[in-house]
1. Mind checking which residues of the stretch 170-189 are surrounded by fewer than 21 Cβ atoms within 10 Å (Cβ to Cβ), in a strand (DSSP E or B) and touching a residue at least 60 places away in the same chain (Cβ under 8 Å)?
2. When residue 215 is evaluated against the numbered criteria (1) surrounded by fewer than 18 Cβ atoms within 10 Å (Cβ to Cβ); (2) modelled with pLDDT of 85 or more; (3) within 21 Å of residue 68 (Cα to Cα), which criterion, by number, is the only one it fails?
3. Looking only at the stretch 139-169, which residues are in contact with a helix residue (DSSP H, G or I) (Cβ under 8 Å, 6 or more places away or on another chain), within 18 Å of residue 95 (Cβ to Cβ) and assigned to a strand (DSSP E or B)?
4. May I ask you to list the residues in the stretch 262-276 that are surrounded by fewer than 21 Cβ atoms within 10 Å (Cβ to Cβ) and either touching a helix residue (DSSP H, G or I) at 6+ places or on another chain (Cβ under 6 Å) or on the phi > 0 side of the Ramachandran plot (or both)?
5. If you go through the stretch 134-155 one residue at a time, how many are surrounded by fewer than 21 Cβ atoms within 10 Å (Cβ to Cβ) and more than 25 Å from the chain's Cα centre (by Cα)?
6. Tell me, yes or no, whether the stretch 252-270 has at least one residue that is farther than 21 Å from residue 24 by Cβ, touching a residue at least 24 places away in the same chain (Cβ under 8 Å) and assigned to a helix (DSSP H, G or I).
7. Filter the stretch 70-85 down to the residues that are within 20 Å of residue 196 (Cβ to Cβ) and either more than 25 Å from the chain's Cα centre (by Cα) or without any contact (Cβ under 8 Å) to a residue 60 or more places away in the chain (or both) and list them by number.
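The values are calculated or read from the model by the stated rules, or taken from the named source; none is laboratory data. Note that the structure is a prediction, hence the values are computed from the model and not measured. Counting neighbours? That spans all protein chains shown, and the Cβs are built from the backbone with ideal geometry, glycine included.
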């Protein structure tokens with residue numbers, strides 16, 4: 001009997017236990033692939049908002065824990081625009097609102113100047129763009145418009161008791177933007193009683209090399225105290241929302257992995273105990289200890305990889321389902337990168353290796369004469 005045949009035969013001989021072990025690993029892999037995949041997708045989607053427009057630097061209030069809590073003076077934008085090396089500047093005011101009656105929470109509302117380059121990439125699919133003179137007017141992304149079951153000419157209460165008319169529905173290549181709302185900057189400032197305030201300034205530089213960007217950062221920082229100038233990637237990577245998403249994903253995944261590893265150890269130890277006589281015979285007919293270790297580890301790693309296949313399929317199904325739910329569809333794209341899937345398989349292999357290591361060495365230490373007397 002070939003070695004590989006023996007490995008698969010041993011797994012098939014205990015279908016229930018093997019299935020339970022695969023299920024345990026599958027749950028762990030599902031947690032890793034789904035949660036880490038969603039967290040990375042969220043980060044990638046946010047970063048794409050800036051990179052797709054060529055934004056090089058983002059100016060925010062220094063010391064803020066939450067990016068949306070940043071408060072800047074709107075006049076800073078003009079001062080930055082006059083600096084050498086600055087190509088374009090766009091201020092933005094960001095607010096988060098909820099529609100509790102519809103169970104829709106955390107909707108981003110962005111206040112932008114009508115001439116902002118951020119608006120250049122959006123495509124109007126219904127109605128029109130925001131125009132000068134619009135008051136209490138709002139454009140909705142396709143996703144949030146669908147979730148709110150509203151359309152052009154109807155009204156939404158961005159703030160309770162202050163309805164705004166939907167003048168247009170827009171579509172962006174970015175999922176996060178499709179789940180947001182856009183208003184004229186001055187109108188959102190009035191609505192939120194934040195006259196002259198903005199959340200951030202997005203800067204496009206003339207030159208993109210790191211040395212030039214660092215020099216421009218220093219110039220902007222010297223304009224006024226208490227501001228922080230970040231590269232677009234730094235701005236997203238250091239955001240508290242992104243860091244929390246990463247931390248929660250890995251914390252949950254680590255717990256699931258621990259459970260999966262304990263289950264693997266238990267399964268392989270039981271298998272070794274039940275096959276004591278069989279393993280003793282193999283040792284008696286000349287099998288080396290290293291070959292016994294290889295046998296047990298091969299079985300545990302195959303179980304781990306089987307769990308990875310099942311877990312990855314489950315993760316893809318879960319993310320696809322979440323992307324279609326109103327509550328999560330604005331932030332979950334349903335896409336999982338190949339890197340995250342490979343990471344899931346690598347972790348499953350590690351679970352199989354760690355889970356089978358102790359049982360394998362215990363099997364290798366078995367004395368053939370004692371094993372043959374085992375019933």
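1. Selection gives nothing.
2. The failed condition is (3).
3. Passing the criteria: 140, 141, 156, 158, 159, 162, 164, 166.
4. 265, 269, 276
5. Matching residues across the stretch 134-155 total 11.
6. The answer is no; no qualifying residue exists.
7. Initially, the stretch 70-85 is screened for residues within 20 Å of residue 196 (Cβ to Cβ), giving 70-82.
Across the stretch 70-85, the qualifying residues are 71, 72, 73, 74, 75, 76, 77, 78, 79, 80, 81, 82.
Let's see how each residue does on (1) at pLDDT below 80; (2) surrounded by fewer than 19 Cβ atoms within 10 Å (Cβ to Cβ); (3) in contact with a strand residue (DSSP E or B) (Cβ under 7 Å, 6 or more places away or on another chain):
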site: 291; (1), (2), (3): no, yes, no
site: 317; (1), (2), (3): no, yes, no
site: 328; (1), (2), (3): yes, yes, no
site: 331; (1), (2), (3): yes, no, no
